[in-house]
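Single-structure report; data block below.
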Amino acid sequence: MECDVLSRYMDLYLDGELAVQERVEVETHIRGCEGCRRFVTGESRFRAVLRQQMLAVRAPGSLRDQVTEKLKGHRRSSTPAWRPSIAYAAAVAGVAILGYLVIATYPKAQDPVAGAVAAHVASTGLEMSGDRDQVETFLRLHAPFSYRLPVADREGIRLVGARVTRLNGLPAVVYQYDAGGKMFSVAQYRIPEGAAEVQPRLDHQDGFTVATYPDRGLIQTLVGDLPDGEVSRIVPAAWTY
Amino acid sequence: MGLWPIGGRAREATRFDREAMPHLDAAYRFALSMTRDAAEADDLVQETFLKALRSFESFQEGTNCKAWLFRILRNTWFNKLRNGAREVDSDDAMEAIQDAALAGWDDRAFYRAPDEASILRATRDELESALRSLPPDFREAVVMSDVEGLTYKEIADVMGTPIGTVMSRLYRGRRLMRRRLAKAMGIDEVEEEAGGEVVQLFAARSKGEGGHGM
Ligand SMILES: [Zn+2]
């Protein structure tokens with residue numbers, strides 16, 4: 001592959017739209033060509049900046065309320081035969097456990113998902129980057145609780161860094177992983193004494209897939225731009241219910 | 001799932017809450033990028049979600065709900081535009097302008113400069129106005145891909161165009177955006193020439209760096 005061919009392939013490469021064969025060709029070229037490497041790295045960093053900045057734009061609270069109201073109104077008016085009933089209560093309870101209503105009704109400060117998404121979006125500020133051994137060395141010194149690496153080693157998934165922080169007032173460790181060029185992060189904290197049991201759940205927020213699941217005394221929230229299927233392969237523990 | 005027996009209507013409503021509502025922020029961002037106006041974006045999102053709920057049966061489980069919402073949103077917006085007889089730039093005319101603007105442009109030059117002097121330090125305002133400056137079709141494609149992470153196929157479905165068109169809009173849109181961004185940040189040098197604008201980013205620095213090896 002020549003440099004000018006790479007220029008044409010770069011968008012498809014970074015967009016994840018290349019077939020394996022072409023991908024390998026691009027990567028081989030990048031390894032051997034410093035000019036192209038700098039080009040691709042620069043472009044990919046710019047995209048990360050763009051994405052991170054733009055994802056911080058969110059729907060105003062008033063809009064969220066208006067939409068919720070409108071939808072409620074529509075449901076009432078279009079379903080005269082259907083009255084709020086036990087079924088309705090059950091549906092709401094079901095959603096509260098499985099999905100977004102929990103975000104809407106949970107006191108914001110205690111919602112583990114909201115914090116984890118923000119942490120993921122801001123995860124450029126890793127305290128340390130390095131391989132598994134380096135991360136472990138760092139965490140042995142700094143982790144605020146007895147941490148456990150959340151994702152088992154496997155092909156195509158690499159631990160690339162971590163930081164110790166607080167999410168929603170709780171001490172937490174945020175791990176960052178590279179899954180074949182796509183970054184995802186896992187926030188981990190200890191389940192507070194006397195806290196309600198955490199149910200595994202899968203959400204989608206801001207284009208991220210968010211999987212929350214308890215694991216032997218710790219809560220983990222995976223946030224990544226990954227399809228659900230891939231998330232379930234990475235953390236089968238989240239799908240044991 | 002299915003922890004309780006749930007009636008059909010209620011289940012549909014639950015499914016909508018679970019599938020569509022998490023994309024409210026994304027829908028708002030997309031609406032903003034299309035309308036470039038907060039109040040219009042507000043209206044557009046409300047209308048979109050109402051329509052989406054009404055037609056939720058047509059949503060195919062397992063496909064990208066965000067893309068489905070974007071399609072409804074975009075169609076709704078264009079209907080409004082048509083009713084209000086607002087002007088929309090024609091694609092062909094815009095492409096001609098873009099090609100002229102991109103002529104002689106070397107996009108590798110962006111990343112030759114040290115970080116502090118590059119578009120990597122752009123603020124949100126600068127990024128937003130560079131996006132806003134793009135022709136609508138380019139802007140939409142760039143937002144859907146770079147910000148919202150849709151695949152080419154999903155973007156093609158939203159815009160109702162072949163994948164090749166998506167790729168070319170992305171290619172042009174991205175480069176034009178970076179160029180305008182650099183210009184706004186004062187990190188390129190623009191020279192007016194008889195034939196139009198010729199942009200030379202870090203002209204002096206990049207001399208002699210023309211070849212990239214291999
Ligand atoms: Zn090269």
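The values are calculated or read from the model by the stated rules, or taken from the named source; none is laboratory data. These numbers were taken from a predicted model, which means no experiment stands behind them. All Cβ positions, even for glycine, are placed from backbone atoms using ideal geometry, and neighbour counts span all protein chains on display.
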A careful count of residues in segment B:48-70 that are crowded, with 19+ Cβ neighbours inside 10 Å and in a helix (DSSP H, G or I) gives 10
Tell me, please, whether a residue that is crowded, with 19+ Cβ neighbours inside 10 Å, away from the ligand (no atom under 12 Å from the Cβ) and within 17 Å of A:R8 (Cα to Cα) can be found in segment A:29-45. yes
Among A:V160, A:V173, A:V135, the single one that is at pLDDT 75 or above and either exposed (fewer than 15 other Cβ atoms within 10 Å of the Cβ) or in a helix (DSSP H, G or I) (or both) is A:V135
I'd like to know if segment A:51-73 contains one or more residues that are within 12 Å of the ligand (Cβ to nearest atom), surrounded by 17 or more Cβ atoms within 10 Å (Cβ to Cβ) and closer than 24 Å to B:L181 by Cβ. no
For a quick check of your reading of the model, give me the residue pairs whose first member lies in segment B:57-68 and is aliphatic (A, V, I, L, M), whose second is buried (at least 18 other Cβ atoms within 10 Å of the Cβ), with beta-carbon atoms closer than 6 Å and at least 6 apart or on different chains. B:A67/B:L150; B:A67/B:E154; B:A67/B:V158
Do the conditions hold for B:R71, that is, is it facing chain A (nearest Cβ under 8 Å), more than 22 Å from A:R75 (Cβ to Cβ) and not aliphatic (A, V, I, L, M)? no
If you go through segment A:103-124 one residue at a time, do you hit one that is outside any loop (DSSP other than H, G, I, E, B), in the same structural domain as A:A211 (by TED's automatic domain parsing), at pLDDT below 70 and loosely packed, with under 11 Cβ neighbours inside 10 Å? yes
Within segment B:117-140, is there a residue that is among the polar types (S, T, N, Q), under 14 Å from B:M34 (Cα atoms) and within 13 Å of chain A (Cβ to nearest Cβ)? yes
Look through segment A:5-45, keep the residues that are among the polar types (S, T, N, Q) and in contact with a helix residue (DSSP H, G or I) (Cβ under 8 Å, 6 or more places away or on another chain), and return whichever of them is farthest from A:K182 (Cα to Cα). A:S7
Take the residues in segment A:1-28 that are among the polar types (S, T, N, Q) and either in a loop (DSSP other than H, G, I, E, B) or more than 9 Å from chain B (Cβ to nearest Cβ) (or both), then tell me which one is surrounded by the most Cβ atoms within 10 Å (Cβ to Cβ). A:T28
